[in-house]
């Protein structure tokens, strides 16, 4: 875990800079040059994607541990370090972020309203997300975490749809209330660790007393759990998703929610292993309730975005349950699920976004029989739905399989309930697909054109991601495992 | 000659004040000329203050100490003064015949506050604080317009005098307990007798005068009315420069206790929690932006107290950092208010509607200022809060930090309301366009850069405040 090779070139900071430089360039472009703004955005997003792909390729999973380390003392008196690195847990997350950003920017190509501010805020958000994933210093993790949250408010409140101001305010206050627990927890660990370092790996060696671990873990779990939409703190999530514009929904559900689960894993379970053991039953309970609750609540929805919002609650429940098992398979599955769900939800929202842009409705009974008029757009959604159910050959299949086997072993009752939850979620997904895309054709949508080739590209990229990691799960599991196997020895 | 160097910033501000006193005797006022003079003098004052920032020494029979602590605050106050004076170009809120008096009182007040942060003798402190208070008592009711603005001036005066009375009583108790009025000697004597009620009561009452200035609960009642009733420039001055002096003096007095008084710490904790919670909850329902900022300043007084009540140099350094950050971000917001309401009226939140179209630059400055006040990274406001909370947790006050963070979340709501007005709302009627001159453009960029620089690269300024906090003892 502590193996550190100092890469000569600070590739991680460079990835971060692609977004910040993109942001600065956009700020200085006159607002009426929308085409140029979009080109710059896409260019910087694709640069990030290329670098992340290279990073994924260059990571040596046989050696494992933290690689591409950059470490500079930042604030001497309280011990803040500019400390970045990747291991098997955050590498898939980095890749996920870059893919979703790239496809998200492409999806928003038709945006006309306040283009400059939109892309500037989006890059600020993604800078925060990259920052959280790559930082190994508690201070910076928190800074980037907050940086990634507050652009959500304007992004939803300006460009959003249904009840946008309410959704934006609710989401922002909920998520920042989460950081009201995270910051005290971080400072608590820092103070108990002697008050001279925020370096995650130095703090890890300290070995906190069980009391400190239990208190800190609970605070971190509650704080990050709000962002991971853990039941009963999920209520912001469907409302926020429904209100948000397409690319923001994609990034938010696809990447931002993962920050929550990642935070629990990266800070909570790393620094407070005994705390994690102590609270594991709570985590398993809330995770299982989330899986079942999300599926049942989804059954009653008539708004496509609400359906996806609740399915996210359900899928993030799987991540929570996987983490709660504290076993190799469970955590492997959880991390894999974070990746798979991220890609899948991005595809969901991007296809719903397209349908909404064209038909101006996302109410299921109004849509009906859409596969006959918009076969390509429909196929994207149906593909995502299949991935959501966890059909074999999809990436999420492997993730859910791993989590459920681990869960049945660790918490038999919760595990079996979770399996039943999966059946429920299959039921509600298929119902939505059947009612939206099959059945009577609605004559209102007959003349509406299908997805153009240009706008199909990002969706096809997402689809092929799901399929690729469904066919070759080893490509990702090898990487995740290289870190998770030494990780679980601490429990 | 060296003594002269030590007192140079103060001398300079005396000179400036005298010049405006002479101007005020003229029959025909020349507001534009006064403004140019004031700008030049304040700029020179800032340079002089910066130049003498590394001086150290004692003056006036050891009543007056020039050290890093006082000089850092003097620079901050000179900076705040020049910002306020730069924004006084229009000064529509005050009758043109009184412009010379306005600048005179601003210079006197800054002078008094500079003397305040250097004073280490109780009576000198009292005289300085009264000098600064009386300048403000005169500045507040200077506003042109309705009768009710006088009411707030009287309210300010009455509460201020009461706080002074309490402070004098506290000082007399401290003298009774310590047999000295010199702060350095009190620091030596007081920790040995701190368990006596008279010592604690004396210290707390002596602090009351500064709690009044910083608007700490329960001495906050003047703030909303005065913020609303004074003209925008005077409010800005009260909200920025005078807060620096108050924070500095609370730090100095808290240092007297020697860090070993549980009763005083408990009291400060209660005041801090009450200030944060009260300020933030009442701010939620405000419609007038200056009233909103008044309540937010009460809340911020609570955050600064969190740093101070640790009673160690790390906490003092954090509180100083926070104060500096507060100066920058509060001025950012006030600058936008002064610009948007350049005819000097009280700005309502809804009047900010569509600001992002009327002036994108001011909207951005406002956004950064608001996010700084709300404590969102990467602004100086966040780093300040982080340092303050870290100092508190270093002493083990976990619950206090949680309460502070919950309060920060509550405060986010009303800052977002203002943000929403500037970026989202469509104006209900046509507002006059905002005129942005070169100075405002420059200041906007400077404030944004300063806020982010201090937020992301705190190391250098933090080590400065740490050195300053160490020079206290």
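The values are calculated or read from the model by the stated rules, or taken from the named source; none is laboratory data. Here the structure is a predicted model, which is why all the values come from computation and not from measurement. Virtual Cβ from ideal backbone geometry, glycine too; neighbours counted across all protein chains shown.
Let's see how each residue does on (1) outside any helix (DSSP H, G or I); (2) free of Cβ contacts under 8 Å to residues at least 24 places away in the same chain:
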position: B:365; (1), (2): no, no
position: B:369; (1), (2): no, no
position: B:381; (1), (2): no, no
position: B:391; (1), (2): no, no
position: B:396; (1), (2): yes, yes
position: B:402; (1), (2): no, yes
position: B:406; (1), (2): no, yes
position: B:415; (1), (2): no, no
* Asked: Tell me, which helices (runs of 4 or more DSSP H) lie completely within the range B:220-331 with 2 or more residues that are within 14 Å of chain A (Cβ to nearest Cβ) and out of contact with any strand residue (DSSP E or B) (no Cβ under 9 Å at 6 or more places or on another chain)?
  -> B:262-283, B:289-308
* Please state which one of A:123, A:139 is in contact with a strand residue (DSSP E or B) (Cβ under 6 Å, 6 or more places away or on another chain) and under 28 Å from residue B:374 (Cβ atoms). => A:139
* Structure fact -> Here the residues within the range A:146-163 that are part of a helix (DSSP H, G or I) and either facing chain B (nearest Cβ under 9 Å) or without any contact (Cβ under 8 Å) to a residue 60 or more places away in the chain (or both) are A:146, A:147, A:149, A:153, A:154, A:157, A:158
* Would the range A:156-172 turn up any residue that is touching a helix residue (DSSP H, G or I) at 6+ places or on another chain (Cβ under 7 Å), under 30 Å from residue B:310 (Cα atoms) and surrounded by fewer than 23 Cβ atoms within 10 Å (Cβ to Cβ)? -> no
* Restricting attention to the range A:202-211, which residues are surrounded by 20 or more Cβ atoms within 10 Å (Cβ to Cβ) and assigned to a helix (DSSP H, G or I)? -> A:203
* Have a look at A:349, A:336, A:383 and point out the one that is out of contact with any strand residue (DSSP E or B) (no Cβ under 7 Å at 6 or more places or on another chain) and either outside any helix (DSSP H, G or I) or more than 24 Å from residue A:224 (Cα to Cα) (or both). => A:383
* the range B:425-450 - residue that is part of a helix (DSSP H, G or I) and within 14 Å of another protein chain (Cβ to nearest Cβ) and, of those, surrounded by the fewest Cβ atoms within 10 Å (Cβ to Cβ) -> B:449
* All but one of (1) part of a helix (DSSP H, G or I); (2) within 14 Å of chain A (Cβ to nearest Cβ); (3) in contact with a helix residue (DSSP H, G or I) (Cβ under 6 Å, 6 or more places away or on another chain) hold for residue B:386; which doesn't? -> (3)
* To do: May I ask you to list the residues in the range A:65-81 that are part of a loop (DSSP other than H, G, I, E, B) and more than 21 Å from residue B:386 (Cα to Cα)?
  => A:65, A:66
* Within the range B:15-57, count every residue that is in a loop (DSSP other than H, G, I, E, B) and in contact with a helix residue (DSSP H, G or I) (Cβ under 6 Å, 6 or more places away or on another chain). => 5
* Does any residue of the range A:270-288 turn out to be in contact with a helix residue (DSSP H, G or I) (Cβ under 7 Å, 6 or more places away or on another chain), surrounded by 23 or more Cβ atoms within 10 Å (Cβ to Cβ) and farther than 27 Å from residue A:327 by Cα? -> no
* To do: Please verify whether the range A:341-363 includes one or more residues that are farther than 22 Å from residue A:246 by Cβ, in contact (Cβ under 8 Å) with a residue 60 or more places away in the chain and touching a helix residue (DSSP H, G or I) at 6+ places or on another chain (Cβ under 9 Å).
  => no
* Restricting attention to the range A:199-238, which residues are closer than 17 Å to residue A:291 by Cα and within 16 Å of the chain's Cα centre (by Cα)? -> A:225, A:226, A:227, A:228, A:229, A:230, A:234, A:236, A:237, A:238
* To do: Run down B:380, B:422 and say which single residue is more than 9 Å from every other protein chain (Cβ to nearest Cβ), in contact with a helix residue (DSSP H, G or I) (Cβ under 6 Å, 6 or more places away or on another chain) and at pLDDT 90 or above.
  => B:380
* What is the one condition in (1) under 19 Å from residue A:344 (Cβ atoms); (2) touching a strand residue (DSSP E or B) at 6+ places or on another chain (Cβ under 8 Å); (3) surrounded by fewer than 18 Cβ atoms within 10 Å (Cβ to Cβ) that residue A:457 does not satisfy? -> (2)
* Residue under evaluation residue A:296, criteria (1) in contact with a helix residue (DSSP H, G or I) (Cβ under 6 Å, 6 or more places away or on another chain); (2) under 14 Å from residue A:429 (Cβ atoms), criterion not met -> (1)
* Structure fact -> Within the range A:112-140, residues being away from chain B (no Cβ under 11 Å), within 17 Å of the chain's Cα centre (by Cα) and in a helix (DSSP H, G or I) number 9
* Options A:169, A:219; residue that is within 10 Å of chain B (Cβ to nearest Cβ), at pLDDT 90 or above and in a helix (DSSP H, G or I) -> A:219
* Asked: Which number in (1) at negative phi; (2) within 14 Å of another protein chain (Cβ to nearest Cβ) marks the one condition that residue A:79 misses?
  -> (1)
* Asked: Can you tell which of A:428, A:469 is within 25 Å of the chain's Cα centre (by Cα), closer than 15 Å to residue A:332 by Cβ and part of a helix (DSSP H, G or I)?
  -> A:469
* Structure fact -> Of those in the range B:451-463 that are within 11 Å of another protein chain (Cβ to nearest Cβ) and assigned to a helix (DSSP H, G or I), the residue surrounded by the fewest Cβ atoms within 10 Å (Cβ to Cβ) is B:460
